[in-house]
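**Q** Pasting a structure here, questions to come.
The values are calculated or read from the model by the stated rules, or taken from the named source; none is laboratory data. None of these values were measured; they are calculated from a predicted model. Backbone-built Cβ (ideal geometry, glycine too); neighbour counts: all protein chains shown.
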There are 2 protein chains.
Amino acid sequence: MMHHLLTYLRSLASLSDESWQLLQPALKRKHVAKNELLLKEGAVCQSLYFIEKGYCRSYHLADGLEKNTGFFFENDMATNISSFGSGLPSEYFIAAGEPLEVIVFDKQLLQEAGKKAPEIETAGRCCIRLFAAKQEAFSNLFRLYTAKERLAAIEERYPFMLQRVPLTQLASFLGVARETLSRIRSRRVL
Amino acid sequence: MMHHLLTYLRSLASLSDESWQLLQPALKRKHVAKNELLLKEGAVCQSLYFIEKGYCRSYHLADGLEKNTGFFFENDMATNISSFGSGLPSEYFIAAGEPLEVIVFDKQLLQEAGKKAPEIETAGRCCIRLFAAKQEAFSNLFRLYTAKERLAAIEERYPFMLQRVPLTQLASFLGVARETLSRIRSRRVL
DNA sequence: GGCATTTTGTGATAATTGTCACACCATTTT
DNA sequence: AAAATGGTGTGACAATTATCACAAAATGCC
């Protein structure tokens, strides 16, 4: 039960069986159909999502166009960290890109669990630290590399992303037009 | 004494006078001259830096060129969150852009303080959450906006940045050539 | 299978940006 | 005062990318 999550958390911090039990009330399994929303723009993010199967993406709506800003796969934590932390409305959506199996962390119940077991607090801190490090790495792709190099970097570090994410969605994530990404990709093969 | 830091921490989480006292052993004031390094590429980041006065920047060295990836001002926490968390060597430098007054958090001593006072753990988690939210916001600038719009966004949210950071340094942070940034800026005035 | 919808590829052209070269200005050094 | 240094503006041209238009391919649905 919740096997992957336990492994994930124990890779980040020590977590006794007791702490793990104290965490259970804050957790809930959920299935989400493809294209269904985990978080709406304007809503306050009240949950963390641990992804067991499938992937989801965060996107902004601008001029009716979806601009993808993040992708989250198996063993990732997905959330709007800003809204979750501040209690302010989310500026973007999070939607399932494939049929999703997630474990939902409820914010209130998680706080209570954290008070009972400091190990949970520590594990939470490690999760956020990972999240921050990942954001930083993606952010730096834009400052250090050209569009072509960004694609190569993604291909090297997250090859499954190119397999599973439609090119149209990947384009805005890499900060280029769909057509440009298509051309970069075709030139690469030659 | 450490007045700004206390205000900052209390804006993030409740922190009793007792917890604050328990935190003291982990803190140390430090002056850093302009252009001096807080963190070298290849070194493991062992500290968090709370900035009381001045600013610092993180930069990668590629082909002998400095590419700026982050700027940190008064009441910001600066660190290599990835290296600090994982214990792996830093891939970039952090240097003072102005004469700096910082409060150094020592990693080991901070951990010990956190064990004694859970409030410190919680405040630490809030710091990292802010850090992550900021990284995400900067990262999204590239996906949502053109170079011109990115400059406008910085001007609106961080006007002091344009005053204090040399254009040459700002350019790589915005992901454009120095000349391009110079032209964007001059076109804006017309 | 056949039809509708979604996704991807490609050509043509305009707009933006990078690169190289050099001028200008302010400050510091000798 | 002359020279060196660091930061910035600008012209010219090449390279890259965005945009629009449409074709081809893949996918889902009846």
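**Q** Please count how many residues of region A:102-112 are among the β-branched types (Val, Ile, Thr) and surrounded by fewer than 21 Cβ atoms within 10 Å (Cβ to Cβ). Please lay out each step first, then the result.
**A** We begin by selecting, within region A:102-112, every residue among the β-branched types (Val, Ile, Thr); these are A:102-104.
Going one step further and asking which of them are surrounded by fewer than 21 Cβ atoms within 10 Å (Cβ to Cβ), we end up with A:103-104.
Residues that pass the stated criteria total 2.
**Q** Identify the single condition in (1) buried (at least 19 other Cβ atoms within 10 Å of the Cβ); (2) more than 11 Å from chain B (Cβ to nearest Cβ); (3) within 27 Å of A:GLN163 (Cα to Cα) that A:PRO99 does not satisfy, given that it satisfies every other one.
**A** Just one mismatch for A:PRO99, condition (1).
The rows are residues; the columns are (1) of a type in the set (Phe, Trp, Tyr); (2) within 22 Å of A:GLU91 (Cα to Cα); (3) at pLDDT below 95; (4) within 23 Å of the chain's Cα centre (by Cα).
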position: B:GLU121; (1), (2), (3), (4): no, no, yes, yes
position: B:ARG125; (1), (2), (3), (4): no, no, yes, yes
position: B:GLU136; (1), (2), (3), (4): no, yes, yes, yes
position: B:LYS148; (1), (2), (3), (4): no, yes, yes, no
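**Q** B:SER90 passes all but one of (1) over 21 Å from A:LYS67 (Cβ atoms); (2) within 14 Å of DNA strand C (Cβ to nearest atom); which number fails?
**A** So B:SER90 meets the others, but not (2).
Quick grid of which residues meet (1) more than 16 Å from DNA strand D (Cβ to nearest atom); (2) acidic (Asp, Glu):
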{"residue": "A:GLU101", "(1), (2)": "yes, yes"}
{"residue": "A:PHE131", "(1), (2)": "yes, no"}
{"residue": "A:SER139", "(1), (2)": "yes, no"}
{"residue": "A:ALA147", "(1), (2)": "no, no"}
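**Q** Okay, moving on. In region B:123-156, which residues are among the aromatic types (Phe, Trp, Tyr) and at the interface with chain A (Cβ under 7 Å from one of its Cβ atoms)?
**A** Start the filter on region B:123-156 by keeping residues that are among the aromatic types (Phe, Trp, Tyr), which leaves B:131, B:138, B:142, B:145.
Of everything in region B:123-156, those that are among the aromatic types (Phe, Trp, Tyr) and at the interface with chain A (Cβ under 7 Å from one of its Cβ atoms) turn out to be B:PHE131, B:PHE138, B:PHE142.
**Q** Run B:PHE160 past the list (1) touching a Phe, Trp or Tyr at 6+ places or on another chain (Cβ under 7 Å); (2) modelled with pLDDT of 90 or more; (3) within 23 Å of B:ASN75 (Cβ to Cβ) and report the number of the one that doesn't hold.
**A** Looking at each condition in turn, B:PHE160 falls short on (2).
**Q** I want to confirm something. Restricting to region B:75-90 and keeping residues that are in contact with a helix residue (DSSP H, G or I) (Cβ under 8 Å, 6 or more places away or on another chain), of a type outside the set (S, T, N, Q) and surrounded by fewer than 18 Cβ atoms within 10 Å (Cβ to Cβ), which single residue is farthest from the other protein chains (Cβ to nearest Cβ)?
**A** Filtering region B:75-90 for residues that are in contact with a helix residue (DSSP H, G or I) (Cβ under 8 Å, 6 or more places away or on another chain), of a type outside the set (S, T, N, Q) and surrounded by fewer than 18 Cβ atoms within 10 Å (Cβ to Cβ), the one farthest from the other protein chains (Cβ to nearest Cβ) comes out as B:PRO89.
**Q** Just to check your reading of the model, which residue among A:SER47, A:SER16 is touching a strand residue (DSSP E or B) at 6+ places or on another chain (Cβ under 6 Å), closer than 20 Å to A:ALA117 by Cα and either in the same structural domain as A:GLU112 (by TED's automatic domain parsing) or not polar (S, T, N, Q) (or both)?
**A** Values: A:SER16 fails: touching a strand residue (DSSP E or B) at 6+ places or on another chain (Cβ under 6 Å).
Going through A:SER47, A:SER16 in turn, the sole match is A:SER47.
**Q** Which of the numbered conditions does A:PHE50 fail, given that it passes all the others? Conditions: (1) assigned to a strand (DSSP E or B); (2) within 14 Å of chain B (Cβ to nearest Cβ).
**A** For A:PHE50, the failing item is (2).
**Q** On to the next question. Counting only residues that are of a type in the set (A, V, I, L, M, F, W, C) and exposed (fewer than 14 other Cβ atoms within 10 Å of the Cβ), which one in region B:59-74 is nearest to the other protein chains (Cβ to nearest Cβ)? Can you show your working first?
**A** Taking region B:59-74 and keeping what is of a type in the set (A, V, I, L, M, F, W, C), we get B:61-62, B:65, B:71-73.
Still in the list and also exposed (fewer than 14 other Cβ atoms within 10 Å of the Cβ): B:61-62, B:65.
Numbers: B:LEU61: 11, B:ALA62: 7, B:LEU65: 10 Å.
Only one residue tops the list, namely B:ALA62.
**Q** Would you say A:LEU38 is assigned to a strand (DSSP E or B), in contact with a strand residue (DSSP E or B) (Cβ under 6 Å, 6 or more places away or on another chain), closer than 30 Å to A:LEU162 by Cα and assigned by TED's automatic domain parsing to the domain that holds A:PHE131? It would help to see each step written out before you state the result.
**A** Numbers: assigned to a strand (DSSP E or B): yes; in contact with a strand residue (DSSP E or B) (Cβ under 6 Å, 6 or more places away or on another chain): yes; closer than 30 Å to A:LEU162 by Cα: yes; assigned by TED's automatic domain parsing to the domain that holds A:PHE131: yes.
Yes, satisfied.
**Q** Pairs needed: first member in region B:153-181, over 14 Å from B:PHE138 (Cβ atoms) and within 8 Å of DNA strand D (Cβ to nearest atom); second member anywhere, small (Gly, Ala, Ser) and part of a helix (DSSP H, G or I); C-beta distance under 6 Å; at least 6 residues apart or different chains.
**A** Here the result reads B:ARG178/B:ALA171; B:LEU181/B:ALA171, each pair linking region B:153-181 to a residue that is small (Gly, Ala, Ser) and part of a helix (DSSP H, G or I).
**Q** Same structure again: Within region B:57-99, how many residues are assigned to a strand (DSSP E or B) and under 15 Å from B:GLU41 (Cβ atoms)? Please lay out each step first, then the result.
**A** Kept after step one, since they are assigned to a strand (DSSP E or B), are these residues of region B:57-99: B:57-62, B:65-72, B:77-78, B:89, B:93-96.
With the extra rule that they be under 15 Å from B:GLU41 (Cβ atoms), the set shrinks to B:57-62, B:65-70, B:89, B:93-95.
Total meeting the criteria: 16.
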